[in-house]
Amino acid sequence: MQSISDWFEVNPLATIYDIAEHLGLSPSTVSRALSGRGYCKEETRRKILQAASELDYAPDHSAKMLKTGVSSKILFAVPDICNPFYFDMIQGINSVLEPSGYLLILVDTKNSLTEELRAIQLLREKYADGMIMVSFHFCEENIEAINRLNAPVVLTNKYESASGQDRFNYVYVDTHAGIREATEHFISQGLKRIAYVGGPASEQTGYERYCGYRDALLESGLSEPENYVQEGDFTENSGYMAGTRLLSDSSELPEAIVAANDLMAMGILRACEQKGLSVPKDIALSGMDNLSICERISPKLTSVELCAEEIGGRAAELLLKQMKNDPSRIANVRLQPRLVVRESSRSSVLNV
């Protein structure tokens, strides 16, 4: 029998056939021992496992996938890999997928339709068994590509095509209601000059959140000054730039600012500091996402809780049902937001 060291110098990557040849056994015996399925004498199993360890054997998952058609991988496509909101979503997804043996692969689409279509194409080419997809703008083009797939997909925004023939499920938080609640929170304190910083109104997410702000003002009989609505791209820097624009005219400063996410709210807070304005004494501020950092900054940030971990967990549950062809009815999920009031908007401070 050839020694392990001599064999390894010539064959750096071992297969079950190499182990079988080295030990003088059949490949099927080696396969049963390594997989733990089927009968194999205990002494033979020990020899096989020892040889596999010495030869640095690793299963060939590509070969397994060709045989079974299952990759045991799930894509998680997000528009901004730097946003910590998605970290909590990952925790929720993994809590469901890991016990079922799935590996999560993170895909950064950079809020680009081209990159989103590329992620969808990866699923079409069977790089993974399914996908959970976040997008700021689900539209006809990416939805049509998803509906052409023969693979399970769960969105984290609500979307229903006019045809009613969608082949995906969705889990979402009603962000319109969340922004509306934050705006009503300021209105209830007697504030009238309320500004808004959100994402592009041309995109699904940006428009839904803007409408929450607009509807709260209209139902309260307040006007919507054009210069009080600023657009960003959900990043901290865009919030800072939008805040700088809002604060450029000291004669018309808003009394409160509603931000469409926490990162932009933190950018606005920085703009206020640079202008020498105190939050909330001079300007009240709220965000959305309720990131853990909201409790650690000063002042602590009022924010709308969007249940990131629950979104991830519920999306993963729906995806597993699809992949397992679960006969039970799969229902789309709507989660309710909740305003968490902290120092940046407390009425006791505002009324001093």
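The values are calculated or read from the model by the stated rules, or taken from the named source; none is laboratory data. No experiment lies behind these values; they were computed from the predicted model shown. For neighbour counting, all protein chains shown are included, and Cβ atoms are generated from backbone atoms with ideal geometry for every residue, glycine included. Heavy atoms of the whole protein, side chains included, go into the accessibility calculation; ligands, DNA and RNA do not. Shrake-Rupley method; radii C 1.70, N 1.55, O 1.52, S 1.80 Å.
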As a test of the definition: which semi-axes, in Å, follow for segment 80-179 when you take the square root of five times each eigenvalue of its alpha carbon gyration tensor? Largest first, please.
20, 18, 14
Just in segment 106-169: which GluC sites (Glu not before Pro) are loop by DSSP and have at most 13 other Cβ atoms within 10 Å?
125, 160
Residue-normalised accessible area of the chain, given per residue in Å² at a 1.4 Å probe
50 Å²
So, with +1 on the Cβ of K and R and -1 on the Cβ of D and E, and no other charges, what is the size of the charge dipole of segment 199-352 about its Cα centre, to the nearest 20 debye?
500 debye
Taking the chain, the lysine pairs whose C-alpha atoms sit under 21 Å apart (8 or more places apart or on different chains) add up to 15
Find the centroid of the Cα atoms in segment 94-151 and in segment 242-305, then give the distance between the two in whole Å.
33 Å
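Just add up the charged neighbours of residue 306: K/R +1, D/E -1, any other residue whose Cβ is under 15 Å from the Cβ of residue 306. Show your work: numbers first, answer last.
Working: positive: 158, 180, 209, 314, 334, 338; negative: 80, 88, 174, 181, 208, 262, 289, 305, 309, 310.
Surrounding charge for residue 306 is -4.
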Relative contact order, percent, segment 211-265 [alpha-carbon distance under 8 Å, six or more residues apart]
33 percent
What residues qualify as long-range amide H neighbours of residue 304, i.e. H under 5 Å apart, gap of 5 or more or another chain, H built at 1.01 Å from N?
287, 288, 289, 290, 340
Take every DSSP beta bridge whose two residues both sit in the chain, then give the antiparallel share in percent to the nearest 5.
10 percent
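For segment 201-352, what D do you get in µm² per second when you plug the Kirkwood radius from alpha-carbon pairs into Stokes-Einstein at 10 °C and 1.306 mPa s? Can you show the working numbers first?
Details: Rh = 17.0 Å.
My calculation gives 93 µm²/s for D.
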Taking just the C-alpha trace of segment 135-245, give me its Rg and Dmax in Å.
16.6, 53
With a cut-off of 8 Å between alpha carbons and a minimum separation of six or more residues, what is the relative contact order of the chain in percent?
16 percent
Provide the net charge surrounding residue 292, with neighbours chosen by a C-beta distance below 12 Å and charges set as Lys +1, Arg +1, Asp -1, Glu -1.
-4
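For the chain, what is the calculated [θ] at 222 nm in deg cm²/dmol (nearest 500), taking -39500 (n - 2.57) for each run of four or more DSSP H residues and dividing by its residue count?
-13000 deg cm²/dmol
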Among (1) 5, 22, 29, 24, 14, 6, 1; (2) 5, 24, 33, 25, 9, 2, 1, 0; (3) 5, 21, 24, 17, 13, 9, 6, 4, 1, 0, the entry that matches P(r) over Cα pairs in 10 Å bins from 0, in percent as calculated here:
(3)
If I take R0 = 45 Å and measure r between the Cβ atoms of residue 95 and residue 218 in this structure, what FRET efficiency does the formula 1/(1 + (r/R0)^6) give, to the nearest 0.05?
0.65
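Where the accessible area of the chain is counted over protein heavy atoms with a 1.4 Å probe, how much of it, in %, is carbon and sulfur?
Carbon and sulfur atoms account for 49 percent of the accessible area of the chain.
What do you get for trypsin sites (Lys or Arg not before Pro) in segment 231-281 restricted to DSSP loop and a cutoff of at most 13 other Cβ within 10 Å of the site's Cβ?
Details: sites: 245, 270, 275, 281; in loops: 275, 281.
Sparse-neighbourhood loop trypsin sites (Lys or Arg not before Pro): 281.
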Of the listed peptides 175-182, 283-290, what is their order by residue-averaged count of other C-beta atoms within 10 Å, with the highest listed first?
283-290, 175-182
Viscosity 1.306 mPa s, temperature 10 °C: Stokes-Einstein D of segment 206-279 from its Kirkwood Cα radius, in µm² per second?
125 µm²/s
